[in-house]
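Structure, as C-alpha cells:
The values are calculated or read from the model by the stated rules, or taken from the named source; none is laboratory data. It should be emphasised that the depicted structure is a prediction, and the values quoted were computed from it without experimental measurement. Glycine also receives a Cβ, built like all others from the backbone with ideal geometry; neighbour counts cover every protein chain displayed.
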Amino acid sequence: MGFIDAFKRWRLANKGMSSGKKRRTSTTSENAVVGSMQRSTWMKLLIYPLFTVLICLIVAFYRSDETLFHEDGLRRAMLCIIVAAGLILIYHTRHALNYANEKVLLVFGGIAFHLLLVRTAVHVIDVNAWSSDYRILLPPLAFAPMIASVLCGRHAGIFSALSVSLFGALLVPEADVFCFLVTSLISGVMAVVLTRSVRRRGSVLRAGFYVGLTTLVLALAFNKIDFSDLMMGDSWSVLAGKTLLPVSIGLLTGMLVSGLLPALESLFFITTNISWLELSDLNHKLLRKLQLEAPGTYHHSMVVATLAESAAEDVGANAAMCRVCSYFHDIGKLSKPEYFIENQGDRNPHDSLTPTMSAIVIIAHVKDGVDMAIKHKLNPKIVEVIREHHGDSLVQYFYHKAIDQRDDMAEKVKQGLENKEDIPEVDRKNFRYPGPCPSSRESAIISLADAVESASRSLKKPTPEKIRNLVHEIIMSRVTDGQLDGCDLSMSDIKKICKSFASTIRSMMHSRINYPKEEGASKKSKKSAAGNERKSPKNVVAGKA
C-alpha cells in the first residue's frame with residue numbers, strides 16, 4: 001500500500017495537482033494494528049497456553065535422577081499445579097500490568113529465559129565437574145524479577161520472583177531444593193525492592209551488586225561456602241574465587257539488564273523512568289526554540305510541569321512522565337507564538353480577527369504540536385498528551401466574544417441600523433478542540449495543570465482561599481464537562497490533585513515583604529533634599545537680579 005500511495009502522489013505531482021509529499025500522521029494511527037494486539041482477547045488466550053507449553057518443555061522433559069521430582073508423573077503433576085497457580089495469580093493481578101498483552105508477554109518471556117539460564121548453569125556445572133555445593137550460585141537469580149520490576153512494576157517483579165523460584169526448584173538437585181527456593185526468592189524480592197523507582201542505569205548495576213551480596217550471605221548461611229575448606233587443602237585463591245562468584249554474577253546480571261532495557265523498551269512499547277529522565281533534558285531542539293521564540297509559553301510549560309509532577313506523586317501516577325510531557329505539551333504554539341497571550345507585547349493580533357478565526361488559530365496549536373512531535377520523533381506518550389491536553393473543551397473566551405457580537409448585532413437590527421442577514425451564526429462546535437479527551441491518569445493531570453496554571457494568572461491579590469476556590473472551580477468544571485471520563489482518576493484522586501495544585505500555586509504566588517531602607521541612606525537623602533530647598537529660592541532671586 002505504501003508503494004501504491006507513493007505512485008499515486010507521483011502521478012498527481014506530475015499533473016500539478018499535488019506537491020508529492022505526504023502529511024505526517026499520528027503514530028497512534030500508524031500503530032493501530034499494534035494497539036489492537038495489545039488489548040486483543042485472542043492474544044490473551046494465545047499467550048497463556050504458549051507460556052504453559054514453553055515451561056513444560058523447559059522443566060517437565062528435563063530428566064535427571066538427582067532432582068526432587070525425578071519421576072515423570074509426579075514431576076508433571078507438580079508442574080501443572082505450579083503453572084495453574086501462577087496463571088491464577090497473574091490473572092488476579094493483571095491490573096498491575098495495565099491489561100496490556102505486551103507486558104504479560106514480557107513477564108512470561110523473562111521467566112522462561114530465566115529458567116533456561118538456570119538449566120544451562122546447572123548443566124555447565126555438571127559438565128565441568130564443579131562441586132555441587134556451588135551449583136546454585138552460578139545462575140542469575142535476579143534476572144527475571146529485575147526485568148519485570150523495572151519495566152512492568154513491583155507486582156510483576158514479585159510474580160516473577162515467585163515463579164522462577166518454584167519452577168527452578170524442579171531443575172536443581174534434590175539436596176539443593178530448599179536452599180535454592182530460599183535464595184532465589186529472597187534475591188528476587190531484594191531485586192524488586194531495589195529497582196522500585198529506578199531513575200538511572202547505574203541504579204540497576206548497584207541493585208545487582210546488592211543482590212550478589214545477599215546471595216553470598218545466604219550461601220554462607222546454608223554452608224555452601226565454608227571457610228573450613230582451607231583446612232582441607234583448598235588455597236586462598238580458590239576460596240576467594242568461590243566467594244566472589246555470587247557478587248560477580250549479581251553485577252553481571254545488573255549489567256545485562258541495563259544493556260537490554262533500551263531494546264526491550266523499544267520492542268514492547270514501554271518507557272521506563274530512566275528514559276523519561278533522559279528525555280527531560282531542556283537542551284532539546286524544540287525546547288530551545290520554545291525558549292527563544294515563545295518565552296511566555298516556555299515559562300508556562302515549566303510551571304505546568306511542576307504542578308503536574310507534584311500532583312502525580314500524590315496520586316501514584318508516573319511523575320517523571322508528567323514532567324517530560326508537560327515540557328512539550330504546547331510546542332504547537334511555535335507556529336504562531338504571537339497569537340497567545342503569554343507571548344504578546346503591546347499589540348494583540350486577535351483585534352483584527354473575528355472570534356471564529358481567532359478560535360481556529362488557537363485550536364490549531366494542537367495539530368501543529370502533534371505534527372512537530374512526530375517530525376522530531378518524540379515519544380508516542382508525548383504525542384498522546386499533546387493531542388489530549390485540551391480534550392474537546394470549549395475555547396470559552398472567543399466563544400463568549402462571538403455571542404456578545406451576535407447579541408450586539410441583533411440589537412442593532414432591532415433598531416433598524418443593520419440587516420437581519422448580517423447577524424453571524426455562532427456554532428458551539430466551531431469553538432471546541434478536536435479531542436480526544438485524556439485517556440490516562442498522566443494525560444488528565446497535565447490537562448488539569450494546564451487549565452489551572454492559565455487561570456491562576458488572572459488572580460489579583462491572591463489569597464489561599466481564592467486559590468483553593470479557583471482550583472476547585474476549574475477542576476470541577478472539567479469533571480462536569482466529561483473531560484475526565486476516559487481516564488481512571490477517582491474522586492479521591494481528584495481531591496488530592498486539587499490540594500496539590502492549591503499548595504503548589506500558593507507557594508509560587510507568595511508575596512514578599514517590603515525591605516526597609518538603610519537609616520544612614522535615608523538621612524542623607526533628607527539632608528540633600530533640604531539643601532536643595534534652601535538653595536532654590538536664592539537661585540531664583542539671583543536670577544531675577
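Suppose we keep only residues that are surrounded by fewer than 18 Cβ atoms within 10 Å (Cβ to Cβ) and assigned to a helix (DSSP H, G or I) within region 120-131. Which one would you say is modelled with the lowest pLDDT? Outline the logic, then answer.
Taking region 120-131 as the starting set, the residues that turn out to be surrounded by fewer than 18 Cβ atoms within 10 Å (Cβ to Cβ) are 120, 123-124, 126-131.
So of that shortlist, the ones also assigned to a helix (DSSP H, G or I) come out as 120, 123-124, 126-127.
Working: THR120: 83, HIS123: 67, VAL124: 61, ASP126: 52, VAL127: 44.
Among them, the one singled out is VAL127.
Look at region 478-499: where a residue is free of Cβ contacts under 8 Å to residues at least 12 places away in the same chain and a partner is surrounded by 14 or more Cβ atoms within 10 Å (Cβ to Cβ), sitting 6+ places away or on another chain with Cβ atoms under 9 Å, you get SER490/VAL315; MET491/VAL479; SER492/VAL315. Taken over region 451-477, the residue count meeting the criterion of being surrounded by 15 or more Cβ atoms within 10 Å (Cβ to Cβ) and either in contact (Cβ under 8 Å) with a residue 60 or more places away in the chain or part of a loop (DSSP other than H, G, I, E, B) (or both) is 4.
For region 321-424, which fully contained helices (runs of 4 or more DSSP H) count at least 1 residues that are within 30 Å of HIS284 (Cα to Cα) and free of Cβ contacts under 8 Å to residues at least 60 places away in the same chain? Talk me through it step by step, then tell me what you get.
Numbers: elements: 355-375, 380-388, 396-414.
Filter on region 321-424 gives 355-375, 380-388.
Within region 265-292, residues that are farther than 15 Å from LEU378 by Cβ have Cβ atoms under 9 Å from residues that are modelled with pLDDT of 90 or more and outside any helix (DSSP H, G or I) in these pairs: ASN273/ASN318; GLN291/LEU282, counting only partners at least 6 apart in sequence or on another chain.
Checking each residue in region 428-447 for being in a helix (DSSP H, G or I) and touching a residue at least 40 places away in the same chain (Cβ under 8 Å) picks out ASN430, PHE431, ARG441, GLU442, SER443, ALA444, ILE445, ILE446, SER447.
Restricting attention to region 288-304, the residues that are surrounded by fewer than 22 Cβ atoms within 10 Å (Cβ to Cβ) and among the small types (Gly, Ala, Ser) total 1.
Residues considered: GLU313, GLU309. Of these, the only one that is in a helix (DSSP H, G or I) and surrounded by fewer than 16 Cβ atoms within 10 Å (Cβ to Cβ) is GLU313. Here LEU138 passes the criteria (1) within 23 Å of the chain's Cα centre (by Cα); (2) modelled with pLDDT under 85 except the one numbered (1).
Among the residues of region 427-440, are any within 19 Å of PHE501 (Cα to Cα) and either touching a Lys or Arg at 6+ places or on another chain (Cβ under 6 Å) or surrounded by fewer than 22 Cβ atoms within 10 Å (Cβ to Cβ) (or both)? Steps first, please.
Step one: of region 427-440, the residues within 19 Å of PHE501 (Cα to Cα) are 438, 440.
If we keep only those that are either touching a Lys or Arg at 6+ places or on another chain (Cβ under 6 Å) or surrounded by fewer than 22 Cβ atoms within 10 Å (Cβ to Cβ) (or both) too, we end up with 440.
Yes - at least one qualifying residue is present in region 427-440.
Would you check if there is a residue in region 277-291 being part of a helix (DSSP H, G or I) and among the small types (Gly, Ala, Ser)? Scanning region 277-291, I find no residue that is part of a helix (DSSP H, G or I) and among the small types (Gly, Ala, Ser), so the answer is no.
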